[in-house]
1. Lys38 is checked against (1) free of Cβ contacts under 8 Å to residues at least 24 places away in the same chain; (2) in contact with a strand residue (DSSP E or B) (Cβ under 6 Å, 6 or more places away or on another chain) and fails just one. What number does that condition carry?
2. Could you list all residues from the stretch 63-81 that are outside any loop (DSSP other than H, G, I, E, B), touching a helix residue (DSSP H, G or I) at 6+ places or on another chain (Cβ under 8 Å), surrounded by 14 or more Cβ atoms within 10 Å (Cβ to Cβ) and not small (Gly, Ala, Ser)?
3. Considering the stretch 82-105 alone, what residues qualify as being over 30 Å from Thr28 (Cβ atoms) and out of contact with any helix residue (DSSP H, G or I) (no Cβ under 8 Å at 6 or more places or on another chain)?
4. Tally the residues that are surrounded by fewer than 12 Cβ atoms within 10 Å (Cβ to Cβ) and part of a helix (DSSP H, G or I), restricting the search to the stretch 31-46.
5. Any idea which residue in the stretch 58-76 is farthest from Pro12 (Cα to Cα), counting only those that are free of Cβ contacts under 8 Å to residues at least 40 places away in the same chain and under 17 Å from the mean Cα position of the chain (by Cα)?
6. Would you be able to say whether some residue in the stretch 64-74 is in contact with a Gly (Cβ under 9 Å, 6 or more places away or on another chain) and farther than 30 Å from His33 by Cα?
7. For the stretch 97-128: of the residues being outside any helix (DSSP H, G or I) and modelled with pLDDT under 90, which is farthest from the chain's Cα centre (by Cα)?
8. Given the criteria closer than 22 Å to Ala105 by Cβ, free of Cβ contacts under 8 Å to residues at least 24 places away in the same chain, acidic (Asp, Glu) and not in a loop (DSSP other than H, G, I, E, B), does Asp16 qualify?
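The values are calculated or read from the model by the stated rules, or taken from the named source; none is laboratory data. This one's a predicted model, so the numbers in the text were calculated from it and none came from an experiment. When we count neighbours, we look across all protein chains shown, and the Cβ atoms used for this are built from the backbone with ideal geometry, even at glycine.
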Amino acid sequence: MTTSPALPRPTPAELDLLQVLWPLGSATARQVHEDIIKERPDVTYATVLRLMQIMHAKGLLIRDESERSHVYAPAQAQDALQTNLLKDLMQRAFAGSAKALVLAALKSGISKKERDEIEQLLKDEDEQ
């Protein structure tokens, strides 16, 4: 049985950067910085560039070096990374129980709209 290498787990700052980069698909550090400063004007270009370089070294980003300004892209699609993080959380905090994880999430408080969406999702699943 071969085990695949552990995927890197992004820090909160790295996840914030990925949230900006996923919709863009790929971008230069300058483009990412311009997007980030809309919400956080205190973040410098140098900070964004350094974080992207670290994320590339960790395997969270891929980098195209063919142009003068390097273009970065997420190494994993958003849903794939979120699924891996969720599986990791489920194993570490909920002894592998999806039910316990979902119940904890539901107890933490959800809006009426979110509850309706969940009920519709479950109803659709039952009908298949």
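1. Of the numbered conditions (1) free of Cβ contacts under 8 Å to residues at least 24 places away in the same chain; (2) in contact with a strand residue (DSSP E or B) (Cβ under 6 Å, 6 or more places away or on another chain), the odd one out for Lys38 is (2).
2. Filtering the stretch 63-81 for residues outside any loop (DSSP other than H, G, I, E, B) gives 63-64, 71-74, 78-81.
Still in the list and also touching a helix residue (DSSP H, G or I) at 6+ places or on another chain (Cβ under 8 Å): 63, 72-74, 78, 81.
With surrounded by 14 or more Cβ atoms within 10 Å (Cβ to Cβ) added as a condition, the list becomes 63, 72-74, 81.
Across the stretch 63-81, the qualifying residues are Arg63, Tyr72, Pro74, Leu81.
3. Lys87, Asp88, Gln91, Arg92, Ala95, Lys99, Val102, Leu103, Ala105
4. Final tally of qualifying residues: 1.
5. At the first step, the residues of the stretch 58-76 found to be free of Cβ contacts under 8 Å to residues at least 40 places away in the same chain are 62-68, 75.
Still in the list and also under 17 Å from the mean Cα position of the chain (by Cα): 62, 75.
On the way: Ile62: 19, Ala75: 17 Å.
Applying the filter and picking the extreme gives Ile62.
6. Residues of the stretch 64-74 in contact with a Gly (Cβ under 9 Å, 6 or more places away or on another chain): 73-74.
Now narrow it down to the ones that are farther than 30 Å from His33 by Cα: none.
Checking the stretch 64-74: not a single residue is in contact with a Gly (Cβ under 9 Å, 6 or more places away or on another chain) and farther than 30 Å from His33 by Cα.
7. So the first thing to find is which residues in the stretch 97-128 are outside any helix (DSSP H, G or I), and the list is 97, 108-111, 128.
Now narrow it down to the ones that are modelled with pLDDT under 90: 108-111, 128.
Details: Ser108: 21, Gly109: 22, Ile110: 21, Ser111: 23, Gln128: 29 Å.
That would be Gln128.
8. On the way: closer than 22 Å to Ala105 by Cβ: yes; free of Cβ contacts under 8 Å to residues at least 24 places away in the same chain: yes; acidic (Asp, Glu): yes; not in a loop (DSSP other than H, G, I, E, B): yes.
So Asp16 passes the test.
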